[in-house]
Structures are given as C-alpha cells and as structure tokens.
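Visitor: Dropping a structure here in structure tokens format, bear with me for questions.
Every number here is computed from the coordinates shown, using simple stated rules; none is lab data. Predicted model, so just to flag it, every value in this text is computed and none were measured. Neighbour counts are summed over all protein chains in view; Cβ atoms, including those assigned to glycine, are modelled from backbone coordinates with ideal geometry.
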Amino acid sequence: MDGQDEVLAFAGENAVLIGVAILVVVCILLAVRIVPQSEKFVVERFGRLRSVLGPGINLIVPFLDRVAHRISILERQLPNAHQDAITRDNVLVQVETSVFYRILHPEKTVYRIRDVDAAIATTVAGIVRAEIGMMELDEVQSNRSEVIAKIKAQVADAVDDWGIEVTRAEILDVNLDAQTRDAMLQQLNAERARRAQVTEAEGRRRAVELAADAELYAAEQTAKARRIAADAEAYATSVVAKAIAENGLEAAQYQVALKQVEALTALGRGTGSQTVVVPASALDAFGEAFRMLKGRG
C-alpha cells in the first residue's frame, strides 16, 4: 500500500506540474499579441479602453486584458455614390462621387461611430449638395478641381472626430437630365454658329484693312516718286540758272542752238523718202545756231 501511495503522490505532483506548465503556456499565449503591419488592435480591460497595439510583438495582461477590435489601417474606398443636387441656376444634376479614406486612430473610430462607411457617405452627400447649390452649372463643369478640393477639405473636417483621414475625394461625373442636355446642345450649336459668323466678319474686315493699306502704300510710293522727280527737275533748273548766272545769256542760247541742231540732224536721218517742211523763221534760227556753234568752235 505504501508503494501505491507513493505512485499516486508522484502522479499527483506530475499532474500539478503539468497543469502549471499548461497554465504558463496559456498565459504566454494570451499575453503575447503579434500585430500585422496593416492592422492595429484595440485592447480593453473590464470593458474599458486599455491601449492600442501597433504592428509587431506586444504584451498584455492575461485574463484581464482582451483584444476587442482588430482594425485595418489600409486605405479604403467607399462604393461610388450617386446623389442629386440643384445648382444655383436651378439645374438638376446627378453627381457621382468616390471617396478614399483610412483610419488613423482606431480608438476614436470604434467608440464614436458605428457604421463608418455609411457615416462618411452621408457626410459626403450633404457636402456635395451644399457646394453645388452655391455654384452655377457652368462653374461646376469648368471648376471641377476647385469643387473637389472644397469637398475634400470639408469632409476631412467633418470626420476628424472619428479618427479618420480622407485621402482622396473625386467627382467622377456630372449627369444632366435629357431636357437640359438638349437645351445645352442647342446653346452650343448656336455659340458655334455665332463664332463662325464672327470669324468670317473678322476675315472680311481684315481683307478691307489690307486692301486699304495696299492703296495707301501705292499712293505713298507714287507721291514719293513725284517728289523725287520734282526735286530732280528743281535741281536741273537750279543748275541751268547757275550756269546762266555764271556765263550769261550766251551760254543758254548756245545750249538752245545745240538742241536745235541735234533735232534737225535726227530728222534728216529718217528712213524712206520724206519731205521736211521748215518755216523760214526756223531756218533763220538754225542759221543763228550754226553761227553760234561755229563761233564757239
């Protein structure tokens, strides 16, 4: 019986040791938490926030602390949303939006908002309607980047208390109803026709201006040529006057006699049989010219 008691006592001791070992292993497993790079763990103690575990190996108190929430910190994209809005000029448009966000502070997200995606979608819809309501349709279509920047800034301020960062907010499309599209198409065609007419009128006006410039240039060149001819004639007259002043009337008469003789010689060189009738007064003038030429020679 003593041997059996010893065996039972030894078995009991081993069982205790095994139980203690199992307890130690369980405590280690419960105390060590390995957090992936893309997640954060929210730890609670007796239902209250204890800490937020970052990526890597972390230790918690077994049986007292527990991982209540595993939050992914990867960037997320909300499903594309469509919401109606009315512009300042009373045009109904349907806006398609897309929002990207990520969670920065999980302790705020899990304790302050229940459905993050729905809350962000509702916030974006309200901000989009408010912003578009302050703009006309042309401004919405031409200043889309400015509208996106305003929406992103306002959404970021609205969700800051939820520990969320809005990384991107996009307006993918602005759709109009059929009647508005037809009216805009007619307006666009009218604008194109007006621009074509303006371009044609500008072309005609430019052609008239060029023709007028050409006529003005021709008139200026003609006037310049006449001015040059007048200057040349005035210069020749001044030369003759100077010669007369220096050599007297005899030099002028000599030049006239020389021209008369040259003219008579040219008449005599004509081809064919021809008769030249010279008045008697002209013969006397020619005789006088010959005498002057002979005297000069």
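Visitor: Counting only the backbone N, which residues of the range 91-131 are under 20 Å from the spot 7 Å out from the Cα of V67 toward its beta-carbon?
Guide: 103-111
Visitor: Counting other C-beta atoms within 10 Å, and keeping those with at most 10, which DSSP coil chymotrypsin sites (Phe, Trp or Tyr not before Pro) do you find in the range 7-97?
Guide: Details: sites: F10, F41, F46, F63; in loops: F46, F63.
Sites meeting the loop and neighbour criteria: F46, F63.
Visitor: Determine ³J(HN,Hα), in whole Hz, for all residues of the range 113-127 in sequence, where each value follows from phi through the Karplus function 6.51 cos²θ - 1.76 cosθ + 1.60 and θ = phi - 60°; x replaces Gly and Pro.
Guide: Ordered by residue, 3J(HN,Hα) equals 9, 8, 10, 5, 4, 5, 5, 5, 4, 5, 4, 5, 4, x, 5 Hz.
Visitor: If you don't mind, another one. Which GluC sites (Glu not before Pro) from the range 104-201 combine a DSSP loop assignment with at most 12 other Cβ atoms within 10 Å? Numbers along the way, then the final one.
Guide: Numbers: sites: E107, E131, E136, E139, E146, E165, E170, E191, E200; in loops: E136.
Counting only loop positions with at most 12 other Cβ atoms within 10 Å, none of the GluC sites (Glu not before Pro) in the range 104-201 qualifies.
Visitor: Once both labels are modelled 7 Å past Cα along the beta-carbon direction, what's the E96-Q77 spacing in nm?
Guide: Label-label distance for E96 and Q77, simple model: 1.3 nm.
Visitor: For L188 and A218, FRET efficiency with R0 = 45 Å and r from the beta-carbon atoms, rounded to 0.05?
Guide: Details: r = 45 Å, r/R0 = 1.01.
Working from the Cβ atoms, E equals 0.50.
Visitor: Please list, by residue number, every one of the trypsin sites (Lys or Arg not before Pro) in the range 90-126 that is coil in DSSP and has at most 11 other beta-carbon atoms within 10 Å.
Guide: Details: sites: R102, K108, R112, R114; in loops: R114.
In loop regions of the range 90-126 (DSSP not H, G, I, E or B), the sparsely surrounded trypsin sites (Lys or Arg not before Pro) are R114.
Visitor: Spin-label point model (7 Å from Cα, Cβ direction): what's the I57 to V24 distance in nm?
Guide: Computed distance between label sites I57 and V24 equals 1.7 nm.
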